[in-house]
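Before any comments, here is the structure.
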Amino acid sequence: MKRILIIGATSAIAQATMRIWAQEKNKLHLVGRNKEKLHSIAMDLSVLGDSVITNAVLDLNHLDAHQSMLDEAVKILGGIDIVLIAYGTLGHQKTCELDASVMLQNLHTNAISIMSLLTYLANILEEQKNGIIAVISSVAGDRGRQSNYVYGTAKGALSLFLQGLRQRLYKSGVSVLTIKPGFVDTPMTQAFRKGLLWTTPGVIAKSIVAAVAGKKNTIYAPGYWWIIMQIIQWIPERYFKWMSL
Amino acid sequence: MESYGWGRYPRIEANVMFPQSVTDCYAALTRRSSLIVQGMGRSYGDSSLAPEIVNTRYLNHFQAFDEENGLLTCESGVLLKDILAFIVPHGWFLSVTPGTQFVSVGGAIASDVHGKNHHVSGTFTEHVVQMELLLGNGECILVSPIENADLFYATCGGMGLTGVILSATIQLKSICSSKILETVIKCASLDEVLNGFLSHQQATYSVAWIDCLAQGKNFGRSVLRIGEHATDQSLEAPSKKRLSVPIEMPGFLLNQWTIQAFNTLYYRHHRAKRKNPCKISYESFFYPLDKFMHWNRLYGKSGFIQYQFLLPREAGVEGLRDVLREIVRSGKGSFLAVLKVFGKKNKNYLSFPEEGYSLALDFKIEPQLFGLLSQWDKLILQYGGRLYLAKDARMTEDTFKASYPGWCEFEEIRAKYHAIGKFASQQSQRLGLQ
């Protein structure tokens, strides 16, 4: 029986992942900002799975409530074996370019707020001396591109933070997993025209469950994004800046 | 976003919204003057096309399961595929299922889908116990055969024109095996296959594939499939292997000669006159085409029309023979031609099935096609028949109103429950509904 905390539980990838975890007799504690959606998902997991489901409502941009939310989660679950951080917002690149406050809000949601959570979580799990922290980053964080560099910056910063955390927490028997999905068909990407490289939350969920069980460091989901990003990162800057990728 | 149904014709530009909660649905409703709800978009024509579309794919949560009595409650965006993956290992099955599991519960209700067991079990909605509906004025109400019954019978088969189906409770049927015992019978003529249906009318499931290009002595040659739930106490989860047609195929791929070749090979492939009952997975029996994702791309860029009509029993075999003769004479081929004998009509105002014969055919879109279809419409009307709305992409208002007399009362109920001016599709406007 695993004690699993999911932060950003209303995300499509989180839902698909929880549907798998709910099948085993686990304890799942869901945190999200929309009460109605959270309730829907909790009901869904109770029907489909065999686990104990609890939930709490919180807008994760409220940093001062992070510690108390986590304390409550630990109390309800009795400890944390797995924590999955799955929330984020794509934002609108062009608006971010025109308005610095919008750009800063994007960074706050996608990077700063998550780093705040990770600070508290790292201490909790370090004291436990076991567990795994899994965070959904993105391939967008591997290289800054004109089409989404604000989102990419947040994800890139997050990946770097997780890397340092991984090295620190390894000494205490705690694993840190960075999940880098490619193009996924979710509410966040509903404006995009879907093509060959697009996949579904269900596919990502399977990768996450397997990677958590295997205590991996970093995964690209699906796996073929590793080679795609290697190529993208390899392109020398003097040519890359000329492209419109 | 370019939007189209399963036949990939017609295509329109639409603003598609993806609500994730009832509150989101309400917001979509109040911000738009008129919209249509869309599930998986598996209706063939323009039933779920409008300038403003509300897509229910994220209203996909299960809400309750009474495992003892086989009652399942879920949101309208849940797919039949996901229901089956969940209920089959628990020893339950859908009371009625259409030929694809990639259909949402809301779509199954709105199109009043039928299956291979219509002659015994009726349509999908005859096993819906209750639904929650969001009306045009923002009110959420419960509808069932005993509560707001008029709205219930209007919503079932109502093509999304009465309100947004938010959730439904459905009655499942108990099974002890996930396998189906299938008997395949080769029928050399139309008479033979119709006799085959008659002699197997006690069978749970029956359907025939018919060669609609065969002429002369082969006219109406068919392969009849009879099915029963197996009793071997083995409840297996479905397999996930699927192939995909990755891109649109060129238009010339499916033509009279390739289709004729397919039909002949397919008929001959069944060597024995009658094969002994064989156990197959429920997916193979009910959803053979689901193995090929995007098979509709085989028809190329112009898309195709699915033409499904019913001839009531009064029209007799002669009526069916008459219509089939016209289709064979045209030389317009369909390699997916399905013949079914239906059971009794239900109480839904726009219900399609009643006792009689249903034939479903796919036609590639070509210039002469629409003229031919109009001719066949007239013939079908003469025999008191009608076309299936979920497959329709081009029926006229006159044909619709002549063949669905319930449309008047349907409109009255829509007016009573604030649907007029709020829910409309390209199809409903073509058919002269408000």
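Conditions (1) farther than 29 Å from A:Thr200 by Cβ; (2) in contact with a Cys (Cβ under 6 Å, 6 or more places away or on another chain); (3) surrounded by fewer than 23 Cβ atoms within 10 Å (Cβ to Cβ), marked per residue:
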{"residue": "A:Ile13", "(1), (2), (3)": "no, no, no"}
{"residue": "A:Ile20", "(1), (2), (3)": "no, no, yes"}
{"residue": "A:Arg33", "(1), (2), (3)": "no, no, yes"}
{"residue": "A:Leu38", "(1), (2), (3)": "no, no, yes"}
{"residue": "A:Met43", "(1), (2), (3)": "no, no, yes"}
{"residue": "A:Ser51", "(1), (2), (3)": "no, no, yes"}
{"residue": "A:Gln67", "(1), (2), (3)": "yes, no, yes"}
{"residue": "A:Ile76", "(1), (2), (3)": "yes, no, yes"}
{"residue": "A:Thr109", "(1), (2), (3)": "no, no, yes"}
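Name the helices (runs of 4 or more DSSP H) wholly within segment B:241-341 that hold at least 3 residues that are under 23 Å from the mean Cα position of the chain (by Cα)?
Numbers: elements: B:256-269, B:282-286, B:316-330.
It comes to B:282-286, B:316-330.
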(request) Could you tell me whether any residue of segment B:417-433 is within 23 Å of the chain's Cα centre (by Cα), more than 28 Å from B:Trp209 (Cβ to Cβ), crowded, with 16+ Cβ neighbours inside 10 Å and among the charged types (D, E, K, R)? (result) yes
(message) I'd like the residue in segment B:170-212 that is hydroxyl-bearing (Ser, Thr, Tyr) and open to solvent by less than 40 Å² (accessible area, probe 1.4 Å) and, out of all such residues, is nearest to B:Ile259 (Cα to Cα).
(response) B:Ser189
(message) When you scan segment B:150-164, do you find a residue that is surrounded by fewer than 20 Cβ atoms within 10 Å (Cβ to Cβ) and in contact with a strand residue (DSSP E or B) (Cβ under 7 Å, 6 or more places away or on another chain), even just one?
(response) no
(message) Out of the residues in segment B:239-270 meeting the condition of being more than 23 Å from B:Met293 (Cβ to Cβ) and among the hydroxyl-bearing types (Ser, Thr, Tyr), tell me which one is surrounded by the most Cβ atoms within 10 Å (Cβ to Cβ).
(response) B:Tyr267
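Considering B:Val78, B:Val37, B:Val54, which residue is under 22 Å from B:Leu135 (Cβ atoms), open to solvent by 10 Å² or more (accessible area, probe 1.4 Å), at pLDDT 95 or above and among the aliphatic types (A, V, I, L, M)?
Details: B:Val78 fails: open to solvent by 10 Å² or more (accessible area, probe 1.4 Å); B:Val54 fails: open to solvent by 10 Å² or more (accessible area, probe 1.4 Å).
It is B:Val37.
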(message) Need the failing condition index for B:Leu339 against (1) open to solvent by less than 10 Å² (accessible area, probe 1.4 Å); (2) farther than 30 Å from B:Ile226 by Cα, just the number.
(response) (2)
(request) Write out, first by first residue and then by second, each pair whose Cβ atoms fall under 6 Å of each other, whose residues are 6+ apart or on separate chains, and whose first residue, in segment A:95-121, is touching a residue at least 60 places away in the same chain (Cβ under 8 Å) while the second is open to solvent by 60 Å² or more (accessible area, probe 1.4 Å). (result) none
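Please verify whether B:Val143 is free of Cβ contacts under 8 Å to residues at least 24 places away in the same chain and among the hydrophobic types (A, V, I, L, M, F, W, C), treating the condition exactly as stated. If you could, list the steps in order and put the result at the bottom.
Details: free of Cβ contacts under 8 Å to residues at least 24 places away in the same chain: yes; among the hydrophobic types (A, V, I, L, M, F, W, C): yes.
The answer is yes for B:Val143.
Return the only residue of A:Gln105, A:Gln146, A:Gln128, A:Gln163 being open to solvent by 20 Å² or more (accessible area, probe 1.4 Å) and in contact with a strand residue (DSSP E or B) (Cβ under 9 Å, 6 or more places away or on another chain). Break it down into steps so the answer makes sense when it comes.
Details: A:Gln105 fails: in contact with a strand residue (DSSP E or B) (Cβ under 9 Å, 6 or more places away or on another chain); A:Gln146 fails: in contact with a strand residue (DSSP E or B) (Cβ under 9 Å, 6 or more places away or on another chain); A:Gln128 fails: in contact with a strand residue (DSSP E or B) (Cβ under 9 Å, 6 or more places away or on another chain).
A:Gln163 is the lone residue from the list that is open to solvent by 20 Å² or more (accessible area, probe 1.4 Å) and in contact with a strand residue (DSSP E or B) (Cβ under 9 Å, 6 or more places away or on another chain).
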(message) Condition first: open to solvent by less than 20 Å² (accessible area, probe 1.4 Å) and away from every other protein chain (no Cβ under 14 Å). Now tell me which residues in segment A:183-204 satisfy that.
(response) A:Ile204
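Which residues, taken from segment A:53-65, are away from every other protein chain (no Cβ under 14 Å) and either of a type in the set (Val, Ile, Thr) or open to solvent by less than 70 Å² (accessible area, probe 1.4 Å) (or both)?
Our first condition is that a residue be away from every other protein chain (no Cβ under 14 Å); within segment A:53-65, this holds for A:54, A:56, A:58-65.
Result: A:Thr54, A:Ala56, A:Leu58, A:Asp59, A:Leu60, A:Asn61, A:Leu63, A:Ala65.
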(request) Could you please let me know if B:Ser167 is of a type in the set (Gly, Ala, Ser) and surrounded by fewer than 19 Cβ atoms within 10 Å (Cβ to Cβ)? (result) no
(message) As an exercise: evaluate B:Ala27 against (1) open to solvent by 10 Å² or more (accessible area, probe 1.4 Å); (2) small (Gly, Ala, Ser); (3) within 14 Å of another protein chain (Cβ to nearest Cβ); (4) in contact with a Gly (Cβ under 6 Å, 6 or more places away or on another chain) and give the number of the one condition it does not meet.
(response) (4)
(message) I'd like the residue in segment B:390-416 that is part of a loop (DSSP other than H, G, I, E, B) and free of Cβ contacts under 8 Å to residues at least 40 places away in the same chain and, out of all such residues, is surrounded by the fewest Cβ atoms within 10 Å (Cβ to Cβ).
(response) B:Pro405
(message) Please go through (1) more than 13 Å from chain B (Cβ to nearest Cβ); (2) open to solvent by 40 Å² or more (accessible area, probe 1.4 Å); (3) among the polar types (S, T, N, Q) for A:Asn26 and return the number of the only condition it doesn't satisfy.
(response) (2)
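Out of the residues in segment B:1-24 that are over 28 Å from B:Tyr388 (Cα atoms) and open to solvent by less than 30 Å² (accessible area, probe 1.4 Å), state the one that is nearest to the other protein chains (Cβ to nearest Cβ). Break it down stepwise before answering.
Going residue by residue through segment B:1-24, those that are over 28 Å from B:Tyr388 (Cα atoms) are B:19-24.
Among the residues that remain, those that are also open to solvent by less than 30 Å² (accessible area, probe 1.4 Å) are: B:19, B:21.
Numbers: B:Pro19: 9, B:Ser21: 5 Å.
Filtering first and then ranking leaves B:Ser21.
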(request) Mind listing just one residue for me: the one in segment B:222-239 that is assigned to a strand (DSSP E or B) and without any contact (Cβ under 8 Å) to a residue 60 or more places away in the chain and, of those, farthest from B:Thr264 (Cα to Cα)? (result) B:Glu228
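The values are calculated or read from the model by the stated rules, or taken from the named source; none is laboratory data. Just so it is clear, the structure is predicted and the values come from calculations on it, not from any experiment. Note that we place each Cβ from the backbone using ideal geometry, even for glycine, and neighbour counts take in every protein chain shown. Side chains are part of the model used for accessible areas, which takes the heavy atoms of the whole protein and leaves out ligands, DNA and RNA. Shrake-Rupley method; radii C 1.70, N 1.55, O 1.52, S 1.80 Å.
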